[in-house]
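Input: a single structure, listed below in structure tokens.
The values are calculated or read from the model by the stated rules, or taken from the named source; none is laboratory data. This one's a predicted model, so the numbers in the text were calculated from it and none came from an experiment. All Cβ positions, even for glycine, are placed from backbone atoms using ideal geometry, and neighbour counts span all protein chains on display.
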Amino acid sequence: MAETSNIKQIAEQFWQYSWQFYAATYQGKPVASVCLRLQDDFDANINALLLCCFMQTKSYELSQQALVQLLQVIEESDAEIRSLREKRRKAKLYIEDEASKAAYQALKKEELQKEKEQQQILVAAMLDIDSQCMKELMDQARFNNLSQYELLLSRGNNPHNQELKRHINWLYEASLSFNSL
């Protein structure tokens, strides 16, 4: 088991990276909009997408096996976040006064807190993953963590796989551009 202080430190670095990258713009398009599209249309977990990008900046490769393990670890928190997200989205439709606006803001705050907790869970699990599933990259250009996640998200000969691939490639290019700043 990884040390708690190490987990907290890396989780905080991941949280800060996530906020900065998520708020970034690449080729005139907000990173957030592509992440949300991948979440809504392809059932991607935004924290998993961001973790793929973050680990790439740290020169670590996440295998498909590692990603499967990580996604299994966050199944419960993901269900909680999805439920909160649904409630928040519904509440947004009915903002009519200060009370409903405050209720919406409270749901948004709770959802963000759960997202942060999920990132901590991901970091703790990632630090415990077998070294065969996660290894330091020797050649940064030869591996793309997001492409591993794309393979998990694509479903057979789904006609939407090309769109998924386009979004994943865009996100990868955006992360490379962001990381070079």
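Please determine whether any residue of region 109-116 is of a type outside the set (D, E, K, R), modelled with pLDDT of 90 or more and loosely packed, with under 15 Cβ neighbours inside 10 Å. Yes - at least one qualifying residue is present in region 109-116.
Selection of region 51-75 for residues being of a type in the set (Asp, Glu) and in contact with a strand residue (DSSP E or B) (Cβ under 8 Å, 6 or more places away or on another chain) yields only 61. Take residue 90 and tell me if it is out of contact with any Cys (no Cβ under 7 Å at 6 or more places or on another chain), free of Cβ contacts under 8 Å to residues at least 24 places away in the same chain, surrounded by fewer than 13 Cβ atoms within 10 Å (Cβ to Cβ) and over 16 Å from residue 168 (Cβ atoms). So residue 90 passes the test.
Here residue 86 meets the list (1) touching a helix residue (DSSP H, G or I) at 6+ places or on another chain (Cβ under 9 Å); (2) closer than 30 Å to residue 160 by Cα almost entirely, failing just condition (1).
May I ask you to say which residue of 142, 166, 155 is out of contact with any helix residue (DSSP H, G or I) (no Cβ under 7 Å at 6 or more places or on another chain), surrounded by fewer than 17 Cβ atoms within 10 Å (Cβ to Cβ), modelled with pLDDT of 90 or more and not hydroxyl-bearing (Ser, Thr, Tyr)? Residue meeting the stated conditions: 166. For region 32-69, filtered to residues that are over 11 Å from the mean Cα position of the chain (by Cα) and of a type in the set (S, T, N, Q), the residue that is surrounded by the most Cβ atoms within 10 Å (Cβ to Cβ) is 56.
Does residue 72 meet the test of being assigned to a helix (DSSP H, G or I), surrounded by fewer than 23 Cβ atoms within 10 Å (Cβ to Cβ), out of contact with any Leu (no Cβ under 6 Å at 6 or more places or on another chain) and modelled with pLDDT of 95 or more? Criteria met by residue 72.
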